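The values are calculated or read from the model by the stated rules, or taken from the named source; none is laboratory data. Everything quoted here is computed from the prediction, not taken from an experiment. Glycine gets a Cβ as well: all are built from the backbone with ideal geometry, and neighbour counts include every protein chain shown.
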Amino acid sequence: MKLEDKSRINRPLDEVYTLVRDELSKLVPYLLNVDKIETIERSEVAGKVKLVNHWYAKAEIPSVAKKFVKPDLLAWKDLAEWDNSTHSVTYSLESFLGNDLFDANGTNTFVAIDEKTTELTVSCEVKIYPDKVPGVPRFLAKKVAPHIESFIEKLLGPNLTSLGEGLNRYFEQN
């Protein structure tokens, strides 16, 4: 599945870019289904910033999946490389349950429309492997897989595509 979103944020490029790169946790109250974001690692070399953030979602687990969905399914690692020269970030997302539950890779770009407006483009390709959720018996995997896949899509999708909306709400209130 391809997730894409373009948003205009009524703030200068440097302000928007720096907030998302360096203070992402400030946006938590303005993002859908996000309980918290923690920066675990940060390094900076030659205009590039590498970050590892842990995202923790809040979501209602479907009744058919409650037996199999553990809290770790509601969290993921965000491995990001920010390029200050292009005002962009490339990233991959990994499940806390293991790297083979889903593949998610994307790029976000920040472009100045004018000196007061920034365009944010979020683009991410996600492939989900619901049959690899730990604890799902093989005989149930085909029956439960569509429900788990739908759940993961509803969890990841809005978090990726609502960033622009969350930024606008943040700047309206701060």
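Brief remarks follow.
- Some residue of the stretch 67-76 being farther than 19 Å from E23 by Cα and modelled with pLDDT of 90 or more: no
- As a summary of the residue check, V89 satisfies the conditions (1) in a strand (DSSP E or B); (2) surrounded by 20 or more Cβ atoms within 10 Å (Cβ to Cβ); (3) modelled with pLDDT under 95; (4) aliphatic (A, V, I, L, M) except for the one numbered (3).
- Of all residues making up the stretch 28-52, the number that are touching a strand residue (DSSP E or B) at 6+ places or on another chain (Cβ under 8 Å), outside any strand (DSSP E or B) and either among the charged types (D, E, K, R) or touching a residue at least 60 places away in the same chain (Cβ under 8 Å) (or both): 1
- Residue check for S63: exposed (fewer than 15 other Cβ atoms within 10 Å of the Cβ) and at pLDDT below 90: yes
- Count - residues of the stretch 92-102 that are assigned to a strand (DSSP E or B) and either loosely packed, with under 15 Cβ neighbours inside 10 Å or not hydroxyl-bearing (S, T, Y) (or both): 4
- Condition met for E15 (modelled with pLDDT of 95 or more, among the charged types (D, E, K, R) and closer than 25 Å to E125 by Cα): no
- The stretch 1-27, residues that are under 14 Å from R169 (Cβ atoms) and part of a strand (DSSP E or B): S7, R8, I9
- Any chance V20 is among the aliphatic types (A, V, I, L, M) and surrounded by 17 or more Cβ atoms within 10 Å (Cβ to Cβ): yes
- Here is the figure for the stretch 103-135: residues that are modelled with pLDDT under 80, part of a strand (DSSP E or B) and surrounded by 19 or more Cβ atoms within 10 Å (Cβ to Cβ) total 1.
- Residue that is surrounded by the fewest Cβ atoms within 10 Å (Cβ to Cβ), among those in the stretch 25-54 that are within 16 Å of A75 (Cα to Cα) and out of contact with any helix residue (DSSP H, G or I) (no Cβ under 8 Å at 6 or more places or on another chain): I40
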